[in-house]
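For reference, the structure is listed below as structure tokens.
Quick note: the coordinates plus some simple rules give every number you see, no bench work behind them. Being a predicted model, the structure only gives us computed values, none of them experimental. Cβ sites come from the backbone with ideal geometry, for glycine too, and all protein chains shown count toward neighbours.
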Amino acid sequence: MAFASRSDSACRRASRRRLLRGLSVALLLGAASPERSALASDPVHSDAENVELKNQCADAYEATQRLRAEGKLLEARKNAIYCAQSACPGILRRDCAPWASELGASIPSAIFEARSKRGEALSPVRVQVDGKVTAETLDGRARELDPGRHELLFSGPHLVSKRLEFVMLQGSQMQRVVVVLDEAQERTLDTRSAAALRRIPTLSYVLAGAGVAGLASFAYFGSSGNAKKSDLQQCRPGCDSALRGPLQRDYILADVSLGIGLIALGLSAWTAIAGQSPAPRQAVLEVRVASEGGLLAYRRSF
């Protein structure tokens, strides 16, 4: 119930203000008899339109004073210009016209500049003031702002955005705001350099091929040795001792091929994971095969 009472009281106060404004407008219309006669003789303007226009002029008159006191000079000047128009009553224009002139002289302006670290002027830079875009590009023109503290945001293509706070002084014209913006490339890794680091070295493919060839050689000599072993088993016990030499050679070559294949595949995987070629200044891969056994040696120097 208390809420309803307050609401009713607010409505009554608003109705009273509207009634008083209507009476004021009526008095203004009566005081400005030449203007009223001119509007009455104009068939385009009806009495209702004239009353509404005078109400709007009165609203602009009040808003100009209120916004000016709040420091919102840009909006205050718009309202002062509105109530200074010839269609408004002369008693309002006598105040609004000088107010518009005074506000125009009081509104500060700023020139925004952006430069690179090398001192070059940057043009494709967007400026936001208190979250609203004020300039899409920097062209050297002054921008009007209300006096007081503002938050500025400078941003642009391939540039690192920068925020700063700036205080506009009332009546100060063409204040300079200069910022230095970093290039975005300076803070990110070059994708081409990263791709080069991730590239698999050629030696990795060579070693992989050698590993596959070693496994294939192992399969061939192992199969050949198994075939010779089968022939020896069929001719026992009267087999020629000369047949044992080729059998041993095939098995040795199979073992050596398997070792080479596994080592080559391991080196291939290592160089691929390392991301760069481990090729030394000098590398030697030595393979020795004898009837008594085999030798695989890998030497490198740096």
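Stretching the chain fully between V133 and L262 yields a gain of 39.9 nm (0.36 nm per residue, less the alpha carbon separation). Note on K162: lysines with a C-alpha under 25 Å away, same-chain residues under 8 apart excluded, are K117, K132. Full extension of the chain between A219 and Q85 yields a length gain of 38.0 nm, computed as 0.36 nm times the residue separation minus the alpha carbon distance. Packing, taken as the mean count of other beta carbons within 10 Å per residue, orders the peptides 155-166, 218-229 from highest to lowest as 218-229, 155-166. Within a straight-line Cα-Cα reach of under 29 Å, K54 can be paired with the following lysines, leaving aside sequence neighbours fewer than 8 residues apart in one chain: K72, K78. Distance between the pseudo-spin-label points of D182 and S155 (7 Å out from Cα toward the beta carbon): 1.8 nm.
The label-point distance for N226 and S109, in a model that sets each label 7 Å from Cα toward Cβ, rounds to 9.5 nm.
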